[in-house]
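Trainee: This is the structure I want to talk about, given as structure tokens.
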Amino acid sequence: MFVSEALGLSRHASKTLEEKNILREAFIPHHFFSDIIEALRFDRKFGDIEEGTVVAKTINGVRTVRGFPKIRRALTLYPSIRKHFDREVAIEEKMNGYNIRIAKLGKNLYAFTRRGYICPYTTEKVRKKEEMVDFFRDFSNFVLCCEAVGEESPFVPKKIYGIRELDFFVFDVREIETSNPLKIDEKLRLCEEYGIKHVPFFGIYESRNAHETVRELICRLGRDGREGVVMKDPEMKIEPLKYTTSETNAGDLSYAFRFFNEYGKDFMFSRIVREGFQSFEFAENEEEFRKRCLRLGMSILRPMIESIKDVSSGEWVSEKIKLRFDDIEVLELFLRHLRKMGVDFRVRSIVKREKGAVLYFERIMRSTTDKIKAHLEGQPW
Ligand code: ATP
Ligand code: MG
């Protein structure tokens, strides 16, 4: 089996991998993906192989794209930062979109989602980025780990960054086969050299007192509706830590409560706990505290009521999404891709343009819809 060979798995490990049914198809064969003959993704973590790792048989041989590692969260800034990092810590903005790994396989670029699917929509967008094409002409042994953000996002549509369509911001440059990251300064230098956008970089600080800087940054980012920060070892030897703004915690909650039956209880609970620790650490005054309480309460009740209203007026609870494609064939491929991912959706319309087409669809939150309907009809919990 080419996967075991590529990853150097023992006979025994290879057998376990098969028995546990961890490998799944990573893409839909299509001429848009012409460099790939076969590609499998890890649906779960396996030993030290991350979830989302992809092994692909390409026209140029077998290639592995390692999964993006989990980033743990700091619940307190002090003492977490000084305890976790060495002498210095680099601070970057945590942008709120979806995680994409970009790699060159054969002659073309491919965009892998966190779970290891090759996404047709994202791949089409990535291939239009000349600076990335230039970069990979010189460095096909690297992966660009990016946050894909914008209003036309199939997973996390957001207006706050002022990006109408979709754009990519590099946060890590890694070696394709090993997933070893470049140091922060090397990453920034390469991005600048090729004119590739990267997430905002706030500088390198002494970890001893970085908590004060981060706290100020978090308040400022929060006011702008932005997500938070990721703190990294400048050498990239120690794993990073993330920390988010109260506004983002509230934003997540509001999303989760709008679709409350599709989301795990852990998702909601952990965000409420974060607010507790932040409120404690920031030792805010009464007015700030009340503002936080109001924000938290609003983010829970308001969206839930919106969903109940939708169902009571006979609609589905859903999320409406608009995506533009240059090639209608890629649009069709994307719809097949959504089905393969198990997304429950309904196409509202497809509008043809002189070049390509616009897809309007909605993600249907069936479980929340059914739950609300049942209660509105008098069913006890
Ligand atoms: P994880 O499993 O990594 O904890 P998650 O899916 O729960 O992630 P998040 O809470 O959004 O996601 O946090 C990690 C994600 O943040 C990364 O996977 C990446 O997509 C995104 N991200 C945004 N900006 C950065 C950055 N500057 N550095 C690293 N990751 C970033
Ligand atoms: Mg995220």
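Trainee: Provide a single number: the residues in region 95-142 that are of a type in the set (V, I, T), free of Cβ contacts under 8 Å to residues at least 60 places away in the same chain and within 16 Å of ligand 1 (Cβ to nearest atom).
Mentor: The qualifying residues number 2.
Trainee: Follow-up. Being touching a residue at least 24 places away in the same chain (Cβ under 8 Å), farther than 24 Å from V330 by Cα and out of contact with any Cys (no Cβ under 6 Å at 6 or more places or on another chain) narrows it down to one residue among F42, F33; which is it?
Mentor: F42
Trainee: OK, next. Could you pull out the residue among D138, D167, D172 that is in the same structural domain as D48 (by TED's automatic domain parsing) and touching a Pro at 6+ places or on another chain (Cβ under 6 Å)?
Mentor: Being in the same structural domain as D48 (by TED's automatic domain parsing) and touching a Pro at 6+ places or on another chain (Cβ under 6 Å) holds for just one of D138, D167, D172, which is D172.
Trainee: Considering only region 121-139, state which residues are closer than 16 Å to D35 by Cα and crowded, with 17+ Cβ neighbours inside 10 Å.
Mentor: Selection gives T123, E124, V126, R127, F136.
Trainee: Can you tell me which residue among I28, I22 is touching a His at 6+ places or on another chain (Cβ under 7 Å) and either surrounded by fewer than 22 Cβ atoms within 10 Å (Cβ to Cβ) or within 30 Å of R215 (Cβ to Cβ) (or both)?
Mentor: One residue alone meets the criteria, I28.
Trainee: Ok, one more. Going by the structure shown, is R44 in a loop (DSSP other than H, G, I, E, B) and surrounded by fewer than 18 Cβ atoms within 10 Å (Cβ to Cβ)?
Mentor: Yes; evaluated as a whole, the condition is true for this residue.
Trainee: While we're here: If you check K187 against the conditions, is it in contact (Cβ under 8 Å) with a residue 24 or more places away in the chain and either in contact with a helix residue (DSSP H, G or I) (Cβ under 6 Å, 6 or more places away or on another chain) or in the same structural domain as R114 (by TED's automatic domain parsing) (or both)?
Mentor: Criteria not met by K187.
Trainee: Go through (1) modelled with pLDDT under 95; (2) over 26 Å from the mean Cα position of the chain (by Cα) for G342 and report which single condition fails.
Mentor: Status for G342: all satisfied but (2).
Trainee: Among the residues of region 329-338, is there at least one that is farther than 23 Å from K159 by Cβ, in contact (Cβ under 8 Å) with a residue 60 or more places away in the chain, basic (K, R) and not assigned by TED's automatic domain parsing to the domain that holds R258?
Mentor: Yes; the residues of region 329-338 include at least one that is farther than 23 Å from K159 by Cβ, in contact (Cβ under 8 Å) with a residue 60 or more places away in the chain, basic (K, R) and not assigned by TED's automatic domain parsing to the domain that holds R258.
Trainee: When you look at V149, is it in contact (Cβ under 8 Å) with a residue 24 or more places away in the chain, of a type in the set (V, I, T), within 16 Å of ligand 1 (Cβ to nearest atom) and over 28 Å from P29 (Cβ atoms), yes or no?
Mentor: So V149 fits the description; yes.
Trainee: Do we have any residue at all in region 72-84 that's among the hydroxyl-bearing types (S, T, Y), closer than 24 Å to P234 by Cβ and either crowded, with 17+ Cβ neighbours inside 10 Å or at pLDDT below 95 (or both)?
Mentor: yes
Trainee: Still on this model: Only residues that are among the acidic types (D, E) and surrounded by 13 or more Cβ atoms within 10 Å (Cβ to Cβ): list them for region 337-369, please.
Mentor: D344, E362
Trainee: So, one more: Please find, among G314, G342, G356, the residue that is touching a Leu at 6+ places or on another chain (Cβ under 8 Å) and at positive phi.
Mentor: G356
Trainee: Okay, moving on. Please return the ranges of strands (runs of 3 or more DSSP E) entirely within region 65-119 where 2 or more residues are touching a His at 6+ places or on another chain (Cβ under 6 Å) and more than 16 Å from ligand 2 (Cβ to nearest atom).
Mentor: none
Trainee: Tell me, yes or no, whether region 302-317 has at least one residue that is in contact (Cβ under 8 Å) with a residue 24 or more places away in the chain, loosely packed, with under 12 Cβ neighbours inside 10 Å and hydroxyl-bearing (S, T, Y).
Mentor: Within region 302-317, one or more residues are in contact (Cβ under 8 Å) with a residue 24 or more places away in the chain, loosely packed, with under 12 Cβ neighbours inside 10 Å and hydroxyl-bearing (S, T, Y).
Trainee: Consider P79 against the criteria (1) of a type outside the set (S, T, N, Q); (2) in the same structural domain as R220 (by TED's automatic domain parsing); (3) more than 16 Å from ligand 1 (Cβ to nearest atom); (4) touching a helix residue (DSSP H, G or I) at 6+ places or on another chain (Cβ under 6 Å): it satisfies all of them except one. Which criterion is unmet?
Mentor: Status for P79: all satisfied but (4).
The values are calculated or read from the model by the stated rules, or taken from the named source; none is laboratory data. None of the values given here were measured: they were computed from a predicted structure. When we count neighbours, we look across all protein chains shown, and the Cβ atoms used for this are built from the backbone with ideal geometry, even at glycine.
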